[in-house]
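**Q** Below is one structure. I have some questions about it.
The values are calculated or read from the model by the stated rules, or taken from the named source; none is laboratory data. This structure is a prediction, so every number in the text was calculated from the model and none was measured. Note that each Cβ is placed from the backbone with ideal geometry, even for glycine, and that neighbours are counted across all protein chains shown. For the accessible areas, the whole protein counts, side chains as well, though only heavy atoms, and no ligand, DNA or RNA atoms are used. Shrake-Rupley method; radii C 1.70, N 1.55, O 1.52, S 1.80 Å.
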Amino acid sequence: MASVERGMSAPPEVVFNTATDPARASAWLPEPLRADGSPADEVSAEELRARWSGAEEWSAEIRVEPAQAGGARMRLDLTGGPDAGRLADEALDSLARVVADNLQAG
């Protein structure tokens, strides 16, 4: 399992809602977990936590917490193949871009 954390200068709810939006999930989830517009397997809006399951042994869980100055701290736990660490890091980079695009559009 690989765990990656990253900060963002967006409100935690915006980060979480963007991450769990089925229309946006395919833009940031690693390939083995990309769904065809299906929602996450488990979502807890109160805890800002969501979980996805994919092909074979792949799974991902994201948790979003408040950070200083109104920002957010994201943590992604990714389980799967030998590239899990690299894929987790790339996934959070992609999620950060999707959130930034979402903020600029809205």
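**Q** At 0.36 nm per residue, and after removing the present C-alpha to C-alpha distance, how many nm does the segment from Glu42 to Arg6 gain when stretched out fully? Provide the component values of the computation, followed by the final result.
**A** Details: separation 36, 0.36 × 36 = 12.96 nm, distance 2.16 nm.
Length difference between fully extended and current span is 10.8 nm.
**Q** Provide the packing ranking of 16-23, 79-86, i.e. peptides ordered by the mean count of other C-beta atoms within 10 Å per residue, highest first. Intermediate values should be presented prior to the final figure.
**A** Working: 16-23: 18.0, 79-86: 14.6.
Per-residue Cβ counts within 10 Å, averaged per peptide and sorted highest first, yield 16-23, 79-86.
**Q** Which of Ala69, Ala88, Ala25 moves most in a GNM of the chain, Cα contacts under 10 Å?
**A** Ala69
**Q** Express the carbon and sulfur contribution to the solvent-accessible surface of the chain as a percent, rounded to the nearest whole number, probe 1.4 angstrom.
**A** Numbers: 2570 of 5740 Å².
Answer for the chain is 45 percent, counting heavy atoms of protein chains only.
**Q** Here is a further query. Kindly provide the Kirkwood hydrodynamic radius of the chain in Å, to one decimal, from all pairs of distinct alpha carbon atoms. Before the final figure, lay out the partial values.
**A** Details: mean 1/r = 0.0743 Å⁻¹.
About 13.5 Å for the chain.
**Q** What longest region of the chain stays clear of GluC sites (Glu not before Pro) that DSSP places outside H, G, I, E and B and that have at most 14 other Cβ atoms within 10 Å?
**A** Of all site-free stretches, the longest is 58-106.
**Q** Could you pull the accessible area for Arg51 with a 1.4 Å probe, rounded to 10 Å²?
**A** 70 Å²
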